[in-house]
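Engineer: My structure is below; once you've seen it, I'll send some questions.
The values are calculated or read from the model by the stated rules, or taken from the named source; none is laboratory data. Since the model is a prediction, treat every value here as computed from it, not as a measurement. No Cβ is skipped: glycine too gets one built from the backbone with ideal geometry, and neighbour counts run over all protein chains shown. Surface areas here come from the heavy atoms of the whole protein model, side chains and all, with no ligands, DNA or RNA. Shrake-Rupley method; radii C 1.70, N 1.55, O 1.52, S 1.80 Å.
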Amino acid sequence: MNTSKWHSFPGIQTIAVFVFLFLYIPIIVIVLLSFNQGDLATIWQGFGFNGYAEIWRDPYLIRAAQNSFIVALIAMLCSTLAATLAALALRGRNFIGKSAIVALIGLPLLVPGIVIAVATLMFFSFAGLELSLATILIAHIVFCIPFAYLPIHARLSRIDANLIEAAGDLYANPWQAFWRITWPQLLPGVAAGALLAFITSMDDFIITYFVAGPGATTLPVYIFGAIRRGISPKINAVSTLILGISVLFVTLSYFIGRQTQK
């Protein structure tokens, strides 16, 4: 069937509208209820910032937010560095097993998160590592590498190798050619990969829930625990803040990623 005629398929537009409403109406409701002045999370009682004020009065919530930010920042730096080195090491080299290595780097994107969480927990158990903020950090660094690798690899594959050869013809050593030719063109891909890694780490719940130790609660895990005791305006406010941060970083990643296509 011609894809241009899909829009004329009976009911397809209605289904599309229903799907978009199903996806975004709950998010819009949470954002609106985060500005509810009353103590009830699901009944509108007037505009206010009561939920946001409660955030700053909860030391456990502040601690969870600090843990999430620290883990996401370090995981972003380490995973981006590892992904950049891997992309540079694999670029322009043909050897037996290269395809397998590339597939292994991207495999965590296809494996269900619950499987990675259980496998990571078993690994820490076998290694004798006590669950703590450090185990969360190790897990996040590992599963963030594929997210950082993809935009870096895409950007690196578009760099003209003739430019590097031309730099060599002009007596530039490999180090000078890298910093003056490769790195400036690779930087948008590195930035996009770093942003994706940060937001992926910041939002993760499943793996963090399995490998978190006592006192090492992150923001998603805290929200999950709070919801089990009932939804409050504070939870709506926290969810809205996380949504805002995610949208900001995804938007930045999108615009930076567009540079990789030029």
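Engineer: Please determine, in degrees from 0 to 90 and to the nearest 10, the orientation of helix 219-228 with respect to the longest principal axis defined by the Cα atoms of the chain, where the helix direction is its Cα long axis.
Structural biologist: 30
Engineer: To continue, here is another question. On a 0 to 90 degree scale, rounded to 10, what angle separates helix 12-33 from the longest Cα axis of the chain?
Structural biologist: That works out to roughly 70 degrees.
Engineer: Also: Going by alpha carbons, how many degrees (0 to 90, nearest 10) lie between the helix axis of 113-127 and the longest principal axis of the chain?
Structural biologist: For helix 113-127, the angle is close to 80 degrees.
Engineer: Please work out how much length the chain gains when fully extended from A172 to F123, using 0.36 nm per residue of separation minus the C-alpha to C-alpha distance, in nm with one decimal.
Structural biologist: Gain on extension, A172 to F123, equals 13.1 nm.
Engineer: Okay, moving on. Could you please put M122, M202 in sequence from largest to smallest accessible area, using a 1.4 Å probe?
Structural biologist: M122, M202
Engineer: Continuing with the same structure: Farthest toward the dipole's positive end in the chain, which of A166, I245, Y24, given Cβ charges of +1 (Lys, Arg) and -1 (Asp, Glu) about the Cα centre?
Structural biologist: Of the candidates, A166 comes out farthest on the positive side.
Engineer: In Å², and per residue, what accessible area does region 135-262 have when probed at 1.4 Å with the other protein chains present?
Structural biologist: Heavy-atom SASA per residue in region 135-262 reads 51 Å².
Engineer: Kirkwood Rh over Cα pairs of the chain into Stokes-Einstein at 37 °C, 0.692 mPa s: D in µm²/s?
Structural biologist: Answer from the Stokes-Einstein relation: 154 µm²/s.
Engineer: Taking +1 at the Cβ of each Lys and Arg and -1 at the Cβ of each Asp and Glu, which of G106, I62, I96 sits farthest along the dipole of region 35-116 towards its positive end, judged by Cα position relative to the Cα centre?
Structural biologist: Projecting each Cα onto the dipole axis, the largest value belongs to I96.
Engineer: Follow-up question, since we're still on this one. By the gyration tensor of its Cα atoms, with a ≥ b ≥ c the square roots of the eigenvalues, what is the shape of region 1-156: rounded for a/c under 1.5, prolate for a/b over b/c, or oblate?
Structural biologist: oblate
Engineer: Find the centroid of the Cα atoms in region 124-176 and in region 25-45, then give the distance between the two in whole Å.
Structural biologist: 42
Engineer: Could you give the size of the charge dipole of the chain about its Cα centre, using +1 on the Cβ of each K and R and -1 on the Cβ of each D and E, expressed in debye and rounded to the nearest 20?
Structural biologist: 380
Engineer: Express the carbon and sulfur contribution to the solvent-accessible surface of the chain as a percent, rounded to the nearest whole number, probe 1.4 angstrom.
Structural biologist: Carbon and sulfur: 72 percent of the exposed surface of the chain.
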